[in-house]
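What follows is a short report on a single structure.
The values are calculated or read from the model by the stated rules, or taken from the named source; none is laboratory data. Note that the structure is predicted; figures quoted are calculated from it, not measured. Counting neighbours? That spans all protein chains shown, and the Cβs are built from the backbone with ideal geometry, glycine included. Note: areas computed on protein heavy atoms with side chains; ligands, DNA, RNA excluded. Shrake-Rupley method; radii C 1.70, N 1.55, O 1.52, S 1.80 Å.
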Amino acid sequence: MTAELVRGQNHPLSQSRLEIRISAGTPVAAAAALSDENGRIHGTEWVAHPGAPVQPGLEVSRQAAADHRLAVDLDAVTEAVHRVSVLLALPAANGGAGPARFGAVAAPFVAVTGLDGTEVASYTITGLDLESAVVALELYRRQGAWKVRAVGQGYAGGLAELFADQGLSEAAQLAAGIDEAVARGLARSVQAPPPRTSEGDRSRQAAAPAVGPDQGAAPQGAPGPVPPAYGGQPAGGQGQGGPQPAYGGATGPHASAGGGPVDYSHPRRQTSAPPPPPPAAPPAQPGQPTRPVAGDATGWSMEERLYNQVWGMFEDLARTAAAYRSAVDFAESRMDKELEQALSDPRSRIGGQGDAAREAARARYTQLVDQARASLDRDVAQLVAESEVVEPALPPAFARWDNPCWHAYRVPMEIPMALRLGDLRLPEAESIRIPILLRLPLERGLWIDSGRTDSLDGSFTDSHDMRRLAMDTAVAHAARLLAVYPAGEFTVHVVDPAGSGAQALAPLTQTGVLAGPPAQGAAGVTEVLARLTQRVDLVQMALRGGAPDALPPGFDTSQQLLIVNDFPHGFDDRAVNQLRYLVDEGPSVGVHLMMVADREESAGYGPLLDPLWRALLRLTPVPDDHLADPWVGHAWTYEPPAVPHGSEVLREVLTQVAEARRTWNR
């Protein structure tokens with residue numbers, strides 16, 4: 001459970017590798033300072049800031065932004081360090097344009113999370129007024145253990161006063177250097193989202209996109225797009241990233257067939273010092289935007305940097321589109337008000353005076369909209385340029401099926417951070433697609449909706465074609481899951497009561513990657529559901545009893561995915577209850593569900609199945625604008641992953657997966 005701290009309160013930390021998430025409502029500069037047991041900073045090299053973002057055990061953002069993610073590795077700091085202080089400063093505090101004091105902006109929010117995105121402690125910094133710099137919180141060493149304390153100490157004199165108070169002799173020079181570094185990177189600052197309509201969680205979730213109102217479910221935790229999560233994810237994070245933001249990869253946490261500890265928590269990365277900083281962008285020509293670089297984001301590895309960069313692109317597009325829509329709404333409101341004022345005087349309704357007023361109002365409206373559109377086009381062009389360098393650099397788990405990386409595919413040795421579920425776009429920016437990344441391991445099931453018969457382009461798709469497209473999409477998702485997990489760590493079962501999905505399932509059945517032939521008929525449905533339900537019960541009892549080694553010999557500890565086609569055909573009341581049980585209890589012990597179904601066909605069950613649909617992340621086999629981001633609430637158009645027509649990449653990848661499984665089982 002998250003500890004919500006107040007000023008002066010502390011909370012123990014159970015892990016050394018952490019992420020500090022900051023949400024400030026306006027662009028701020030973030031830094032982290034190392035100090036001794038007396039709180040003194042011994043030199044400028046003890047401070048990680050935008051001009052020097054990487055120090056031993058620390059990595060901070062390179063620019064001012066409304067949201068930050070700072071990486072901390074407490075095991076990597078020296079023995080002389082007893083405190084790690086997180087610092088925030090307003091870039092405008094030294095004469096720039098913008099707020100000059102924290103009292104004029106929303107209270108900053110700071111959260112300490114683990115690498116899997118789990119929030120450990122959070123703190124909302126209230127009570128600030130004239131201060132332009134603040135020590136948000138500190139991580140401190142006490143009797144060999146680390147704790148986090150909410151500080152909230154502000155300084156009206158900015159960073160110079162803050163550093164001087166902590167005993168740094170070069171306080172003024174360092175503060176000036178930070179201001180200069182922030183000014184150089186201000187062009188890439190993330191704009192703050194519009195004010196929320198109600199109080200809520202201000203921390204970014206990683207790994208998964210928020211769910212649209214037609215699903216009635218909250219965003220997946222872990223930001224994320226959609227993170228999200230995007231959002232968590234992203235992810236990241238997001239993670240799921242989210243989106244999910246973020247975050248750790250994995251080294252195979254499951255037990256061997258001979259029996260060993262079973263761990264279905266988020267995978268953990270090896271504890272080590274942070275890698276070298278991400279590649280720096282080449283210097284841009286005067287007046288030109290910074291040239292994008294793949295992996296130019298905070299992270300402990302290139303995979304995590306790319307994950308965070310993708311989610312950053314998602315957030316940037318969400319906010320620039322929100323700014324454009326807000327500007328258009330303002331222009332329309334202003335024009336309506338001016339027209340109303342011009343027509344309120346009866347004398348102006350006749351003759352040229354009224355016509356001139358109306359033309360002037362429309363001209364101002366056009367000018368405002370054109371200015372907003374120009375800003376949007378500039379931001380979208382920068383994102384397109386970034387996408388052009390990021391997309392080719394993505395690893396297979398994040399890449400499209402047409403990415404050349406699949407031609408050099410090899411079965412991985414570690415579980416990746418996230419999985420690509422498709423792409424997201426907005427109507428104002430048709431030239432760019434943002435990958436939607438879902439954090440792994442899965443935290444909720446997937447629902448491929450086969451019931452929609454109309455697409456956004458106005459074309460009509462009949463029910464038979466929708467079912468075929470839905471199964472093709474499900475197979476593409478399942479194939480990617482099999483491809484990104486190490487051999488023997490992911491198992492797929494299929495329930496196809498009427499055998500209607502045989503053609504779409506051919507890549508899975510013919511390559512031999514399934515745990516067994518697709519179950520058919522009511523008897524097949526009963527057998528598979530009973531087996532997976534029993535598996536959930538066994539693992540839950542072992543974990544709750546603190547005896548994971550007590551599982552039967554040869555017990556399959558891999559992650560399990562059940563694909564269900566043609567629901568509710570072949571399902572009786574008992575089978576429906578078992579399905580709901582798997583949805584609710586399965587993900588925590590490694591059993592996941594992928595439904596390929598039309599919700600209307602199960603309407604006979606009434607509200608009994610509503611929790612089932614709400615628990616699943618709804619995806620579609622055709623483009624559909626049903627996903628919403630958690631920041632500004634845009635309705636994003638989801639585009640499912642498509643295997644290039646005539647390509648054999650799916651079969652080639654699954655063939656390698658099947659061969660690796662056979663080798664692993666020998």
**OP:** Just one of (1) over 23 Å from the mean Cα position of the chain (by Cα); (2) open to solvent by 70 Å² or more (accessible area, probe 1.4 Å) trips up Val653, so point out which.
**Re:** (2)
**OP:** Only residues that are within 19 Å of Tyr638 (Cβ to Cβ) and buried (at least 19 other Cβ atoms within 10 Å of the Cβ): list them for the stretch 401-427, please.
**Re:** Ala418, Leu419, Arg420, Leu421, Gly422, Asp423, Leu424, Leu426
Original post:
Would a scan of the stretch 598-607 turn up a residue that is under 14 Å from Trp447 (Cβ atoms) and among the aliphatic types (A, V, I, L, M)?
Top reply: no
Original post:
Is the stretch 476-488 home to any residue that is surrounded by 17 or more Cβ atoms within 10 Å (Cβ to Cβ), within 24 Å of Arg400 (Cβ to Cβ) and of a type in the set (Ser, Thr, Tyr)?
Top reply: yes
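Okay, residues lined up against (1) modelled with pLDDT of 90 or more; (2) of a type outside the set (Asp, Glu); (3) buried (at least 20 other Cβ atoms within 10 Å of the Cβ); (4) in a loop (DSSP other than H, G, I, E, B):
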residue	(1), (2), (3), (4)
Ala93	no, yes, yes, no
Gly98	no, yes, no, yes
Leu137	yes, yes, yes, no
Arg141	yes, yes, no, no
Phe163	yes, yes, yes, no
Ala183	no, yes, no, no
Original post:
Gln534 passes all but one of (1) part of a loop (DSSP other than H, G, I, E, B); (2) out of contact with any Phe, Trp or Tyr (no Cβ under 9 Å at 6 or more places or on another chain); which number fails?
Top reply: (1)
**OP:** Restrict the check to the stretch 329-336 and report whether at least one residue is assigned to a helix (DSSP H, G or I) and under 30 Å from Arg661 (Cβ atoms).
**Re:** no
Original post:
If you check Leu562, Leu543, Leu508, which single one turns out to be open to solvent by 60 Å² or more (accessible area, probe 1.4 Å) and in contact with a helix residue (DSSP H, G or I) (Cβ under 8 Å, 6 or more places away or on another chain)?
Top reply: Leu543
Original post:
Are any of the residues in the stretch 479-492 polar (S, T, N, Q) and under 18 Å from Leu562 (Cα atoms)?
Top reply: yes
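What number of residues within the stretch 626-666 satisfy the criterion of being in a strand (DSSP E or B) and either among the basic types (Lys, Arg) or in contact with a Lys or Arg (Cβ under 8 Å, 6 or more places away or on another chain) (or both)?
4
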Original post:
Restricting attention to the stretch 30-64, which residues are open to solvent by less than 40 Å² (accessible area, probe 1.4 Å) and of a type in the set (Val, Ile, Thr)?
Top reply: Ile41, Val47, Val60
Original post:
Within the stretch 608-622, is there a residue that is among the basic types (Lys, Arg), more than 17 Å from Val494 (Cβ to Cβ) and in contact with a Phe, Trp or Tyr (Cβ under 8 Å, 6 or more places away or on another chain)?
Top reply: yes
Original post:
How about the stretch 380-400: which of its residues are surrounded by fewer than 20 Cβ atoms within 10 Å (Cβ to Cβ) and charged (D, E, K, R)?
Top reply: Glu388, Glu391, Arg400
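Residues are listed down the side, and each one gets a yes or a no for (1) touching a Ser or Thr at 6+ places or on another chain (Cβ under 9 Å); (2) modelled with pLDDT of 90 or more:
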residue: Glu428; (1), (2): yes, yes
residue: Ile434; (1), (2): yes, yes
residue: Leu438; (1), (2): no, yes
residue: Gly445; (1), (2): no, yes
residue: Asp454; (1), (2): yes, no
Subject >> Which listed residue is open to solvent by less than 60 Å² (accessible area, probe 1.4 Å) and within 25 Å of the chain's Cα centre (by Cα), from Leu538, Leu609, Leu593, Leu579 >> reply: Leu593
Subject >> Scan of the stretch 411-442 for residues that are part of a strand (DSSP E or B) and among the aliphatic types (A, V, I, L, M), ordered by number >> reply: Ala418, Leu419, Leu421, Leu424, Leu426, Ala429, Ile432, Ile434, Ile436, Leu437, Leu438
**OP:** Working only within the stretch 45-68, note down all residues that are under 13 Å from Gly177 (Cα atoms) and part of a strand (DSSP E or B).
**Re:** Val47, Ala48, His49, Ala52
Subject >> Single unsatisfied condition, Asp116 versus (1) buried (at least 17 other Cβ atoms within 10 Å of the Cβ); (2) assigned to a strand (DSSP E or B); (3) among the charged types (D, E, K, R); (4) in contact with a Pro (Cβ under 8 Å, 6 or more places away or on another chain) >> reply: (2)
Original post:
Among the residues of the stretch 349-359, is any in a helix (DSSP H, G or I), modelled with pLDDT of 85 or more and closer than 30 Å to Leu426 by Cα?
Top reply: no
Subject >> Matching residues, the stretch 119-135, being assigned to a strand (DSSP E or B) and open to solvent by less than 20 Å² (accessible area, probe 1.4 Å) >> reply: Ala121, Ser122, Tyr123, Ala133, Val134, Val135
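Are any of the residues in the stretch 349-364 at negative phi, touching a strand residue (DSSP E or B) at 6+ places or on another chain (Cβ under 6 Å) and of a type outside the set (D, E, K, R)?
No: the stretch 349-364 contains no residue that is at negative phi, touching a strand residue (DSSP E or B) at 6+ places or on another chain (Cβ under 6 Å) and of a type outside the set (D, E, K, R).
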